[in-house]
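Below is one structure, written out as C-alpha cells; the observations come after it.
The values are calculated or read from the model by the stated rules, or taken from the named source; none is laboratory data. Predicted model, so just to flag it, every value in this text is computed and none were measured. Using ideal geometry, Cβ is built from the backbone for each residue, glycine included, and neighbour counts are taken over all protein chains shown.
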Amino acid sequence: MENALKITKVESYIISLMDKLPILSYYANSRGWSFLISWGHRLAGLTLVGYMFAHIYTLSLLFSPAAFDADMKLLHNFVFSFLEWCVAIPVIFHSLNGGRLILYELFHVRAEEIVIRFMIILGLIYIFIVGFFFIEEIQQISATLFWSITVTVSLIACVIILFKIWVTDNSILWKLQRITGAFMFPMLIGHMFFMHMNYLTGHDSKTILERIQSPFIKGMDLVFIVLLLFHAGYGLFSIIADYIKPGLLLKSLTFLIIIVMAISAFFGIRIVVAL
Ligand code: HEM
C-alpha cells in the first residue's frame, strides 16, 4: 500500500501563504494543485516563447558588434539584471515540470507528490545558483568542455525517450514535442547557467563572436534553434487547439504560427551561420 506523503512544516507554511491568494486558493480547492501546475507550465511556456523572440532580436544586433555592446551596456543595470535572472524561474519550472510530464507519460511514474517536491527543491536550488553567478560573475569553464558534456547528456535523454515513445500510438508531432523537450532539458538549463557563469560569456560581442566560430558550437546552435522553434510552435498550436474548434480559424492560426516560426528559424540560422 502506498504511504501518503507527509507534509513538512515548511511546506504547510508555504501552502498556507498560497492559500491566502484568492485566485490560487479558489482553483487549488476547486480543481486541485495539478490544475494550477498545468497552467503554470502553459504560462511559463508562453513566457519563454516571448523571451525567445526578444532573444533572437538581441542576437541579430551582433551583426554590428558596437550596437550589441551598446545595447548590453544599456541593459546592464539592477532592473534588467533582475528581470534577466527572473527568466530562470519559467526556464526551470517549465523544464522540470516538462521532464515530470515525460516521466509520467512514458514511464508511468506515479509518485507524483514526491516528484513535485523534488522538482520544487531542485528548481529553487537552480534559481539561487544562477543568482549567485549573476552577482559574482567570476567563474570560468571552457565552452567546448561544458557543451560537450551537456550535448552528451541531451543526446542520451533524447535516445531514451525516442526508444520509449516510438512504439506508442500518439501522433508524430506529439512524439516530437516530447523528444525535443527531452533534448532541450539539459541544453536549456545549461544555456542559462553557462551564459551567466561569467558576464562576458553571454554579453560581450567579442567573446560571443569568438565562441561561435567553432564548428561544434555552430552545429549545436543550429540543431538547438530548429528543435526549439518546433517545440515552441507545436506548443502554441496545442494551446490554441484547446480553445478553437477545428475549422478555418484554427487552420489560419496554425498557418500563422508556422510562418512566424519559419521566419524566426530563418533569422536564427542566419545569425549562427553568417557571424
Ligand atoms: C527545457 C526543456 C523543455 C521541456 C522538457 C519541455 C517539455 C514540454 C512538454 C512535455 C510539453 C507538453 C505539455 C502538455 O502537453 O501538457 C511542453 C509544452 C510546451 N512547451 Fe515546452 N519544454 C521545454 C522547453 C520549452 C521552451 C524553451 C519553450 C519556449 C520557447 C517551450 C514552450 C512550450 C509551450 C508553448 C508548450 C505548450 C504548453 C501547453 O500546452 O500547456 N518549451 N513542453
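For the stretch 149-171, which residues satisfy the criterion of being surrounded by fewer than 13 Cβ atoms within 10 Å (Cβ to Cβ) and either small (G, A, S) or under 11 Å from F193 (Cβ atoms) (or both)?
S171
If we scan the stretch 157-167, do we find a residue that is free of Cβ contacts under 8 Å to residues at least 12 places away in the same chain and closer than 30 Å to V130 by Cβ? Break it down stepwise before answering.
First, pick out the residues of the stretch 157-167 that are free of Cβ contacts under 8 Å to residues at least 12 places away in the same chain: 159, 163, 166-167.
Keeping just the survivors that are closer than 30 Å to V130 by Cβ gives 159.
Scanning the stretch 157-167, I find at least one residue that is free of Cβ contacts under 8 Å to residues at least 12 places away in the same chain and closer than 30 Å to V130 by Cβ, so the answer is yes.
Within the stretch 11-67, track down each residue that is within 30 Å of H203 (Cα to Cα) and of a type in the set (S, T, N, Q).
Hits for the stretch 11-67 are T47, T58, S60, S64.
Do we find a residue being within 24 Å of M184 (Cα to Cα), of a type in the set (D, E) and near the ligand (Cβ under 10 Å from one of its atoms) anywhere in the stretch 75-87?
No - not one qualifying residue is present in the stretch 75-87.
Of all residues being among the charged types (D, E, K, R) and within 16 Å of the ligand (Cβ to nearest atom) in the stretch 205-246, which is surrounded by the fewest Cβ atoms within 10 Å (Cβ to Cβ)? Just the residue, please. It would help to see each step written out before you state the result.
Just the residues of the stretch 205-246 that are among the charged types (D, E, K, R), to begin with: 206, 210-211, 218, 221, 242, 245.
Filter again for within 16 Å of the ligand (Cβ to nearest atom), leaving 221, 242.
Values: D221: 22, D242: 8.
Across the stretch 205-246, the extreme among qualifying residues is D242.
For (1) surrounded by fewer than 18 Cβ atoms within 10 Å (Cβ to Cβ); (2) not acidic (D, E), each residue gets a yes or a no:
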site: D71; (1), (2): yes, no
site: V79; (1), (2): yes, yes
site: S95; (1), (2): no, yes
site: L106; (1), (2): yes, yes
site: I129; (1), (2): yes, yes
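When S64 is evaluated against the numbered criteria (1) at pLDDT 95 or above; (2) small (G, A, S); (3) within 22 Å of the chain's Cα centre (by Cα), which criterion, by number, is the only one it fails?
For S64, the exception is condition (3).
Here's the yes/no breakdown for (1) away from the ligand (no atom under 11 Å from the Cβ); (2) surrounded by 10 or more Cβ atoms within 10 Å (Cβ to Cβ); (3) among the aliphatic types (A, V, I, L, M); (4) within 15 Å of the chain's Cα centre (by Cα):
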{"site": "E11", "(1), (2), (3), (4)": "yes, yes, no, no"}
{"site": "D19", "(1), (2), (3), (4)": "yes, yes, no, no"}
{"site": "S30", "(1), (2), (3), (4)": "yes, no, no, no"}
{"site": "R42", "(1), (2), (3), (4)": "no, yes, no, yes"}
{"site": "T47", "(1), (2), (3), (4)": "no, yes, no, yes"}
{"site": "M52", "(1), (2), (3), (4)": "no, yes, yes, yes"}
{"site": "L59", "(1), (2), (3), (4)": "yes, yes, yes, no"}
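Looking only at the stretch 130-143, decide whether some residue is within 15 Å of the ligand (Cβ to nearest atom) and modelled with pLDDT under 95. If you could, list the steps in order and put the result at the bottom.
Keep residues of the stretch 130-143 that are within 15 Å of the ligand (Cβ to nearest atom), which gives 130.
Now narrow it down to the ones that are modelled with pLDDT under 95: 130.
Looking through the stretch 130-143, at least one residue is within 15 Å of the ligand (Cβ to nearest atom) and modelled with pLDDT under 95.
Would a scan of the stretch 182-191 turn up a residue that is more than 30 Å from H76 (Cβ to Cβ) and in contact (Cβ under 8 Å) with a residue 24 or more places away in the chain? Step through it out loud before you land on a result.
Taking the stretch 182-191 as the starting set, the residues that turn out to be more than 30 Å from H76 (Cβ to Cβ) are 182-183.
Filter again for in contact (Cβ under 8 Å) with a residue 24 or more places away in the chain, leaving 182-183.
Yes.
Would you be able to tell me the number of residues in the stretch 172-195 that are surrounded by fewer than 19 Cβ atoms within 10 Å (Cβ to Cβ) and within 12 Å of the ligand (Cβ to nearest atom)?
Of the residues in that region, 6 qualify.
Out of the helices (runs of 4 or more DSSP H) lying entirely within the stretch 149-266, which hold 3 or more residues that are touching a Ser or Thr at 6+ places or on another chain (Cβ under 6 Å)? I'd like the intermediate steps shown before the answer.
Working: elements: 172-197, 200-203, 205-212, 215-243.
Result: 172-197, 215-243.
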